[in-house]
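Take a look at the structure below.
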Amino acid sequence: MSTVHTPPAAAAYLNARPADRLTLTAGRVISLTGVVLPLLLIGILKFTQVEIDGLKPLINGTPWLAWLYSVFGFAGTSYLLGVVELFTAALFITSFWSVRAGIAAGALGALTFATTASTLFALPIWEAASGGAPYLNFVGSFLIKDVALLGISLAVLGESMIKNRTAMSLHA
């Protein structure tokens with residue numbers, strides 16, 4: 001008698017209609033693309049003077065991030081963020097084939113996007129000329145997407161942890 005059990009979520013996926021599996025797979029690919037593209041494109045941008053200067057009001061305006069400048073300087077802080085973003089993007093890409101990469105990508109992505117989303121509480125994000133809340137200004141519009149990216153990162157982390165736990169129990 002076999003002791004290998006298929007987890008309920010995996011069993012539901014395997015027993016799903018092909019169209020449902022295709023929809024789920026497409027959703028995962030598009031979600032991850034939606035995380036990877038900003039990480040890659042904005043990560044590359046972190047190595048330009050335009051981005052180094054553009055970060056100054058955002059980082060200086062956030063008390064829990066302003067210390068980065070005293071430790072790394074303006075360019076060093078931007079470069080550090082760029083390296084983290086590019087590395088995280090690479091991990092998200094690799095997560096298609098590696099559960100460990102998925103765990104690392106989800107954790108780093110969650111940390112990255114939780115940090116950037118937290119700046120929504122410190123920076124002026126409402127458009128005063130339009131009457132304030134709920135009208136977002138440019139900063140608010142730029143940062144609000146990170147809430148969704150945080151959610152996707154947490155989903156990747158959780159899914160990868162479940163896959164890892166399942167793989168470990170199969171080998172036990």
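The values are calculated or read from the model by the stated rules, or taken from the named source; none is laboratory data. Since this is a predicted model, take the numbers as computed values, not measurements. Neighbour counts run over all protein chains shown; Cβ positions are idealised from the backbone, glycine included.
Please enumerate the residues belonging to the stretch 77-103 that are in a helix (DSSP H, G or I) and buried (at least 21 other Cβ atoms within 10 Å of the Cβ). Lay out the reasoning, then the answer.
Pass one, the stretch 77-103, residues in a helix (DSSP H, G or I): 77-94, 99-103.
Listed by number, the residues that qualify are Thr77, Ser78, Leu81, Glu85, Thr88, Ala89, Leu91, Phe92, Gly102.
Condition first: in contact (Cβ under 8 Å) with a residue 60 or more places away in the chain, closer than 15 Å to Gly158 by Cβ and not aliphatic (A, V, I, L, M). Now tell me which residues in the stretch 93-116 satisfy that.
Selection gives Ser95, Arg100, Gly102, Gly109.
Across the stretch 123-172, which residue is surrounded by the most Cβ atoms within 10 Å (Cβ to Cβ) among those that are outside any helix (DSSP H, G or I) and in contact with a helix residue (DSSP H, G or I) (Cβ under 9 Å, 6 or more places away or on another chain)?
Step one: list which residues in the stretch 123-172 are outside any helix (DSSP H, G or I), which gives 123-127, 131-137, 172.
Restricting the remaining residues to those that are in contact with a helix residue (DSSP H, G or I) (Cβ under 9 Å, 6 or more places away or on another chain) gives 123-127, 135-137.
Numbers: Leu123: 16, Pro124: 12, Ile125: 20, Trp126: 15, Glu127: 17, Tyr135: 14, Leu136: 16, Asn137: 16.
Taking the candidates together, the pick is Ile125.
Can you list the helices (runs of 4 or more DSSP H) lying wholly within the stretch 1-76 that have 3 or more residues being at pLDDT 85 or above? Write out each step before concluding.
Working: elements: 8-15, 18-45, 49-60.
Fully inside the stretch 1-76 and qualifying: 18-45, 49-60.
Right, Ile152: touching a Ser or Thr at 6+ places or on another chain (Cβ under 7 Å) and either among the basic types (Lys, Arg) or touching a residue at least 60 places away in the same chain (Cβ under 8 Å) (or both) or not? Step through it out loud before you land on a result.
Numbers: touching a Ser or Thr at 6+ places or on another chain (Cβ under 7 Å): yes; either among the basic types (Lys, Arg) or touching a residue at least 60 places away in the same chain (Cβ under 8 Å) (or both): yes.
So Ile152 passes the test.
In the stretch 25-57, which residues are surrounded by 13 or more Cβ atoms within 10 Å (Cβ to Cβ) and either among the acidic types (Asp, Glu) or within 14 Å of the chain's Cα centre (by Cα) (or both)?
As a first pass, look at the stretch 25-57 and keep what is surrounded by 13 or more Cβ atoms within 10 Å (Cβ to Cβ): 28, 31-32, 34-36, 38-40, 42-47, 51-52, 54-56.
Those that are surrounded by 13 or more Cβ atoms within 10 Å (Cβ to Cβ) and either among the acidic types (Asp, Glu) or within 14 Å of the chain's Cα centre (by Cα) (or both): Arg28, Ser31, Leu32, Gly34, Val35, Val36, Pro38, Leu39, Leu40, Ile42, Gly43, Glu51.
Would you check if Gly140 is closer than 21 Å to Gly34 by Cβ and in contact with a strand residue (DSSP E or B) (Cβ under 9 Å, 6 or more places away or on another chain)?
On the way: closer than 21 Å to Gly34 by Cβ: yes; in contact with a strand residue (DSSP E or B) (Cβ under 9 Å, 6 or more places away or on another chain): yes.
The answer is yes for Gly140.
Which members of the stretch 93-127 meet the condition of being among the polar types (S, T, N, Q) and closer than 19 Å to Ser31 by Cα? It would help to see each step written out before you state the result.
The first filter runs over the stretch 93-127 and keeps only residues among the polar types (S, T, N, Q), leaving 94-95, 98, 112, 115-116, 118-119.
Within the stretch 93-127, Thr94, Ser95, Ser98, Thr112, Thr116 meet the criteria.
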